[in-house]
């Protein structure tokens, strides 16, 4: 038993979808969330920059007494998770492995597609995660960088988004995949558009799997907090325009406790 | 006479188009350029964040002995120029006024459109700049936030970009503007797409005007460097993917001297 909060960080507020899923599996746990809105997006920057930002985010959460850290950002998980796990003694998990496990249970023809930011796909993190668990799966990655700003600007059901999606996803159709991993917090919001192109295959949103995995890990390590109140505290490095409204859409409930994290301290 | 370099900063590398224009007017001047690629984009963040980033960029250039500062970023000019001019004694100019002057000389029906990032349009900086120079011009602003990532991802002549442009620009057509200010470093690259929707009106790219204005100001303040070699030194807070290739496209010549600026010092 441990009544300290769980720490979650992301490049922005999209990772609140991960918090929502954690709360379904672990409603009593307190959560401290850090969104690095001053420096987002992560997916178009260098590996070095994302590793440094992720290290700073981890230290910020450690200073607030968390018992476990969840990286809700796929770009950050791709390039920084293993480095942070070596550098810090606190348990840290990311969003890639839970989705990979789920996809392995679903694919029949062993051809799995992965879409994400350019950084996530270039990192090769998904190929590596699959290889650790199975050596007979063909992994086909496609970067879809414009999906992030299209979602952020609300172009969800827009024909322009369909055209961009067509350009990004048509090659995956030819690859005959039967399962697609949505490797970015924003992509589940485009599932309808993606389905129009790739049709009736399996789709994996890792945030759901992560909630369950985290519950198992906390139980295993005896870190559960059965008497907690389930408080969510959100820190953002910038209060960008309409952040509260957008955050509540991702979180699925009102944002009660939110603070601006000092830009220079993160 | 003053043989110190001119300092230029931008949120990324798009501001190198401004450097290119400065070099046409002032080929002998040395230029130090700072692109804050680790924290870009600026146009979707808060006023407070952009003011702080701009202050840090100014200090970085001052520490390298510049004689004059040019803000090549429209978002930064919109919210931080006047504040920086009060806080620092070095002369500082931005990209908004030179374009406004040019537009005033071109408009016949006194209806001028401005497109830019959400931050630039929300700041009201263009309305203010017009009011200072003329009180009979109607200024109609339209935020076009997706133009930035579309250009950065190379969707220049893509149908998706046309559809986004149509959605953003159709209202300006109804407003019967005869002149459009391109209020973002990336937008001149979309001029063909923009012309398809708004047709044969006047288009103003302020970076060209800024080169001439800067030459006049340096002469006026006796700051010209007639014997300079015209060296360009580029500092970037992150070496993001393909930065060199993209930077050379914006600058219009090979990038010879470039360094990574320490992330924590900016």
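Summary of computed values
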quantity: Some residue of region B:34-50 being part of a helix (DSSP H, G or I), under 16 Å from the mean Cα position of the chain (by Cα) and within 30 Å of residue A:119 (Cα to Cα); calculated: yes
quantity: Within region B:91-109, tally of residues that are without any contact (Cβ under 8 Å) to a residue 60 or more places away in the chain and in contact with a strand residue (DSSP E or B) (Cβ under 6 Å, 6 or more places away or on another chain); calculated: 2
quantity: Condition met for residue B:153 (within 14 Å of chain A (Cβ to nearest Cβ) and either over 21 Å from the mean Cα position of the chain (by Cα) or at pLDDT below 95 (or both)); calculated: yes
quantity: Members of region B:28-47 found to be more than 8 Å from chain A (Cβ to nearest Cβ), buried (at least 24 other Cβ atoms within 10 Å of the Cβ) and over 13 Å from residue B:72 (Cβ atoms), listed by number; calculated: B:29, B:41, B:43
quantity: Filtered residues of region B:235-264 (kept if touching a helix residue (DSSP H, G or I) at 6+ places or on another chain (Cβ under 7 Å) and in contact (Cβ under 8 Å) with a residue 60 or more places away in the chain); calculated: B:236, B:237, B:238, B:247, B:250, B:251, B:252, B:261, B:263
quantity: Residue match in region B:60-81 (condition: out of contact with any helix residue (DSSP H, G or I) (no Cβ under 7 Å at 6 or more places or on another chain), within 14 Å of another protein chain (Cβ to nearest Cβ) and either touching a residue at least 24 places away in the same chain (Cβ under 8 Å) or assigned to a loop (DSSP other than H, G, I, E, B) (or both)); calculated: no
quantity: Strands (runs of 3 or more DSSP E) fully within region A:168-266 counting 1 or more residues that are closer than 30 Å to residue B:158 by Cα and at pLDDT 95 or above; calculated: A:179-183, A:202-204
quantity: Among (1) assigned by the TED database to the domain that holds residue B:184; (2) surrounded by 22 or more Cβ atoms within 10 Å (Cβ to Cβ); (3) in contact (Cβ under 8 Å) with a residue 40 or more places away in the chain; (4) over 24 Å from residue A:238 (Cβ atoms), the one test that residue B:150 misses; calculated: (4)
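The values are calculated or read from the model by the stated rules, or taken from the named source; none is laboratory data. Only a predicted model underlies this, so the values are computations on that prediction, with no experimental measurement involved. Here the Cβ is made from the backbone with ideal geometry for all residues, glycine too, and neighbour counts use every protein chain on show.
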